[in-house]
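Remarks on the structure that follows.
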Amino acid sequence: MNTMERATELKHIEATPGVCGGKPRIVGHRIRVQDIVIEHDNWCQSPAEIVANHPGITLADVHAALAYYHDHRDRIQRDLQEDRAYIERFSRENADRVLTFTVDSHDARPAHVPIGRGCFSVHTYS
């Protein structure tokens with residue numbers, strides 16, 4: 001990574017212990033790199049559509065997140081896999097209190113935890 005690439009990364013992407021699980025995110029926001037990747041790759045959203053869905057972030061932020069992903073693909077894929085495993089474990093351990101469903105269309109944009117080409121949501125009820 002050259003000096004210019006590193007400067008761009010520092011301006012747009014940060015990872016802070018205790019914030020978003022220490023996962024890389026857009027500076028000043030709780031929008032993780034992996035969230036941008038899911039919206040772009042799984043939901044087929046353009047960078048402009050992603051910006052429209054997240055007031056406060058810029059097109060440069062989205063492109064920096066996608067560039068960060070391509071430079072750190074193994075880490076982001078590992079983070080995604082850890083999230084999937086957590087959701088599956090939580091759902092198994094709380095099966096009597098958890099309502100789950102899958103949205104099959106990648107066009108749906110629910111505020112759930114994305115997995116694959118759909119979304120997986122965990123809701124607890126009393």
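The values are calculated or read from the model by the stated rules, or taken from the named source; none is laboratory data. Just so it is clear, the model here is predicted, and its values are computed rather than measured. Note: ideal-geometry Cβ built from the backbone for every residue, glycine included; neighbour counts use all protein chains shown.
Take the conditions (1) crowded, with 18+ Cβ neighbours inside 10 Å; (2) modelled with pLDDT under 90; (3) of a type in the set (D, E); E88 misses just one of them, which is (1). Which of the residues that make up segment 64-74 are surrounded by 16 or more Cβ atoms within 10 Å (Cβ to Cβ) and not aliphatic (A, V, I, L, M)? Scanning segment 64-74 gives Y68, Y69, H72.
In the set D96, D83, D61, D104, which member is charged (D, E, K, R), surrounded by 15 or more Cβ atoms within 10 Å (Cβ to Cβ) and at pLDDT below 95? Write out each step before concluding.
Numbers: D96 fails: surrounded by 15 or more Cβ atoms within 10 Å (Cβ to Cβ); D61 fails: at pLDDT below 95; D104 fails: surrounded by 15 or more Cβ atoms within 10 Å (Cβ to Cβ).
The conditions single out D83.
In segment 37-59, the residues that are touching a residue at least 60 places away in the same chain (Cβ under 8 Å) and on the phi < 0 side of the Ramachandran plot reach residues that are surrounded by fewer than 19 Cβ atoms within 10 Å (Cβ to Cβ) and not hydroxyl-bearing (S, T, Y) with C-beta atoms within less than 7 angstrom, at least six apart or across chains, in these pairs: N42/H106; N42/G116; N42/R117; W43/H106; W43/R109. Under the condition of being closer than 17 Å to H29 by Cβ and not in a helix (DSSP H, G or I), the residues counted in segment 58-77 number 1. Take V19 and decide whether it is buried (at least 18 other Cβ atoms within 10 Å of the Cβ), out of contact with any His (no Cβ under 7 Å at 6 or more places or on another chain) and either of a type in the set (V, I, T) or at pLDDT 95 or above (or both). So V19 fails the test.
Hey, among the residues in segment 35-64 that are among the hydrophobic types (A, V, I, L, M, F, W, C) and in contact with a strand residue (DSSP E or B) (Cβ under 6 Å, 6 or more places away or on another chain), which one's nearest to K11 (Cα to Cα)? First the steps, then the outcome.
Just the residues of segment 35-64 that are among the hydrophobic types (A, V, I, L, M, F, W, C), to begin with: 36-38, 43-44, 48, 50-52, 57, 59-60, 62, 64.
Pick out the ones that are also in contact with a strand residue (DSSP E or B) (Cβ under 6 Å, 6 or more places away or on another chain) and you get 38, 57, 64.
Numbers: I38: 22, I57: 13, A64: 9 Å.
For segment 35-64, the residue satisfying everything is A64.
Here D41 meets the list (1) among the acidic types (D, E); (2) surrounded by fewer than 17 Cβ atoms within 10 Å (Cβ to Cβ); (3) more than 12 Å from the chain's Cα centre (by Cα) almost entirely, failing just condition (3).
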